[in-house]
1. Can you give me the number of residues within the range 307-354 that are more than 30 Å from residue 114 (Cα to Cα) and surrounded by 15 or more Cβ atoms within 10 Å (Cβ to Cβ)?
2. Output yes when any residue across the range 453-470 is in contact with a strand residue (DSSP E or B) (Cβ under 9 Å, 6 or more places away or on another chain), surrounded by 10 or more Cβ atoms within 10 Å (Cβ to Cβ) and not assigned by TED's automatic domain parsing to the domain that holds residue 242, and no when none is.
3. How many residues, within the range 418-439, are under 17 Å from residue 397 (Cβ atoms) and either in contact (Cβ under 8 Å) with a residue 40 or more places away in the chain or not in a loop (DSSP other than H, G, I, E, B) (or both)?
4. Please determine whether any residue of the range 442-451 is farther than 30 Å from residue 232 by Cα and not assigned by TED's automatic domain parsing to the domain that holds residue 147.
5. Cβ-Cβ below 9 Å, separation at least six or inter-chain, first residue in the range 60-74 and more than 13 Å from residue 89 (Cα to Cα), second in a loop (DSSP other than H, G, I, E, B) and modelled with pLDDT under 95: which pairs?
6. Against the condition modelled with pLDDT of 95 or more, within 12 Å of the ligand (Cβ to nearest atom) and assigned by TED's automatic domain parsing to the domain that holds residue 208, how does residue 191 come out, does it pass?
7. How many of the residues making up the range 124-140 are over 16 Å from residue 62 (Cα atoms) and more than 23 Å from the chain's Cα centre (by Cα)?
8. So in the range 134-153, with the set limited to residues that are assigned to a loop (DSSP other than H, G, I, E, B) and away from the ligand (no atom under 12 Å from the Cβ), which one is farthest from residue 164 (Cα to Cα)?
Ligand SMILES: Cc1cc2nc3c(=O)[nH]c(=O)nc-3n(C[C@H](O)[C@H](O)[C@H](O)COP(=O)(O)OP(=O)(O)OC[C@H]3O[C@@H](n4cnc5c(N)ncnc54)[C@H](O)[C@@H]3O)c2cc1C
């Protein structure tokens, strides 16, 4: 098997994974609350076949089709090829799904490209395991969730000190063939709907960090002792026309508790080596993954622009100066995002070991500032939409013999827009920006690759390390000021 269909994806969920929704242990395939989301994820797998020219490439080892997100990038063509796939994958949900399987696929492919980092002191044990795992993912088209953040309870303490350290995931026992881990991790988006839980380093750790917590591994979601504790589900099983996003795209976040979980050695990729643990995130990871995330963001912002513009046209407000300014602002964010991707790809380079990744500089800048753009995009959608976002009959109400004609009379849009068109449009906008799912996605945009303040501070530190002082000394020299 390679490049699965939606039906094959569903079949992969048939196991006894321990998923909790509220106080109920649920079977994900039969749980009514998850039906829309599972349909949405199955749709993603069908989408890759529908747009196979964009989404799939030939696996060089088997000759079978595989997701282009699994390309191990070695040159500019590889980056362009997967760019096309990221764009097409993002269009499936208009960027509302942040953690479609292509997200972790890109990370895994990037790790394989930098497998040298796993080869501490010439030992190929761990890089060999990683490469074999990569082949399992390619050949099974496995969907992976990931959780990389320690459950920091007290933010005055380092990640692995005091109560934070007590709760962090770590090795508690060993057997000749495995490690036994205990602790928790935040936050596995797609957790209940994935096949593999991939744990890898989040942030670099100091020299005194407990090596037992410096881990990377992957295990099937059905592994005994792994508890997937879901947040409330924000998806709805109602009509797709009324709820185009929340009827399909709640990708379900979950807290993960490892209650003495056995990880076979074959699936352990980092085991206490701080150089490897810290090195992994510092040598191309961000440059690699942010090609996917920024392309998704561009698709989403372009969609938000179209949505806001159509709403403004529906009330004939699009030429009003205040509205036109907001629409132009939104368009500007999408253009800047595309420009960051173009620039990063243009200056792509070999990051070591033949791993060809984009330039990370435009990506870092875009990632730091993106949360404010995404929040502002929702703000603009709500401002442009106003009360119209809530004056929205369901599409079924339009078919009612008594209500339908009244709605057609009293709820049309401007410029000849029918009541049905208007209802569809404003309902989509509310589902995008204002619904329970819309609120969750906004939180996702703020935090999914760390918070904006953390990213801004990091950008500043990188700049201080990389950039020579030039302009200030030059000015004083030119002025002859001692
Ligand atoms: C919906 C959602 C889905 C997610 N999915 C996943 C997933 O699938 N897998 C995964 O591993 N992770 C996932 N994450 C991301 C992970 O949980 C984030 O790392 C986390 O949300 C960041 O939280 P934090 O508290 O560490 O942020 P912080 O960066 O600590 O920020 C928390 C607050 O502290 C402030 N702050 C932080 N640093 C500074 C600073 N230097 N200066 C000033 N203020 C600062 C920020 O303003 C912010 O308000 C997800 C997050 C969300 C919200």
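1. If we filter the range 307-354 for residues that are more than 30 Å from residue 114 (Cα to Cα), which is where we start, we get 307-335.
Narrowing the set further to residues that are surrounded by 15 or more Cβ atoms within 10 Å (Cβ to Cβ) leaves 307-315, 317-318, 323, 326-327, 329-331, 333-334.
Total meeting the criteria: 19.
2. Step one: of the range 453-470, the residues in contact with a strand residue (DSSP E or B) (Cβ under 9 Å, 6 or more places away or on another chain) are 458.
Still in the running and surrounded by 10 or more Cβ atoms within 10 Å (Cβ to Cβ): 458.
If we keep only those that are not assigned by TED's automatic domain parsing to the domain that holds residue 242 as well, we get 458.
Yes, the range 453-470 contains a residue that is in contact with a strand residue (DSSP E or B) (Cβ under 9 Å, 6 or more places away or on another chain), surrounded by 10 or more Cβ atoms within 10 Å (Cβ to Cβ) and not assigned by TED's automatic domain parsing to the domain that holds residue 242.
3. Step one: list which residues in the range 418-439 are under 17 Å from residue 397 (Cβ atoms), which gives 418-428, 430-431.
Those still in the list that are either in contact (Cβ under 8 Å) with a residue 40 or more places away in the chain or not in a loop (DSSP other than H, G, I, E, B) (or both) too: 419-428, 430-431.
So the answer is 12.
4. At the first step, the residues of the range 442-451 found to be farther than 30 Å from residue 232 by Cα are none.
No - not one qualifying residue is present in the range 442-451.
5. Close Cβ pairs satisfying both conditions: 62/2; 64/1; 64/2; 65/2; 66/2.
6. Details: modelled with pLDDT of 95 or more: yes; within 12 Å of the ligand (Cβ to nearest atom): yes; assigned by TED's automatic domain parsing to the domain that holds residue 208: yes.
It is true that residue 191 is modelled with pLDDT of 95 or more, within 12 Å of the ligand (Cβ to nearest atom) and assigned by TED's automatic domain parsing to the domain that holds residue 208.
7. Start the filter on the range 124-140 by keeping residues that are over 16 Å from residue 62 (Cα atoms), which leaves 124-130.
Restricting the remaining residues to those that are more than 23 Å from the chain's Cα centre (by Cα) gives 124-129.
Going through the range 124-140 one residue at a time, the tally reaches 6.
8. Keep residues of the range 134-153 that are assigned to a loop (DSSP other than H, G, I, E, B), which gives 141-143, 147-148, 150-153.
Still in the running and away from the ligand (no atom under 12 Å from the Cβ): 141-143.
Numbers: 141: 35, 142: 32, 143: 29 Å.
Filtering the range 134-153 for residues that are assigned to a loop (DSSP other than H, G, I, E, B) and away from the ligand (no atom under 12 Å from the Cβ), the one farthest from residue 164 (Cα to Cα) comes out as 141.
The values are calculated or read from the model by the stated rules, or taken from the named source; none is laboratory data. Every value quoted in this text rests on a predicted model; they were computed, and no experiment measured them. With ideal geometry, Cβ positions are generated from the backbone for all residues, glycine too; neighbour counts draw on all protein chains shown.
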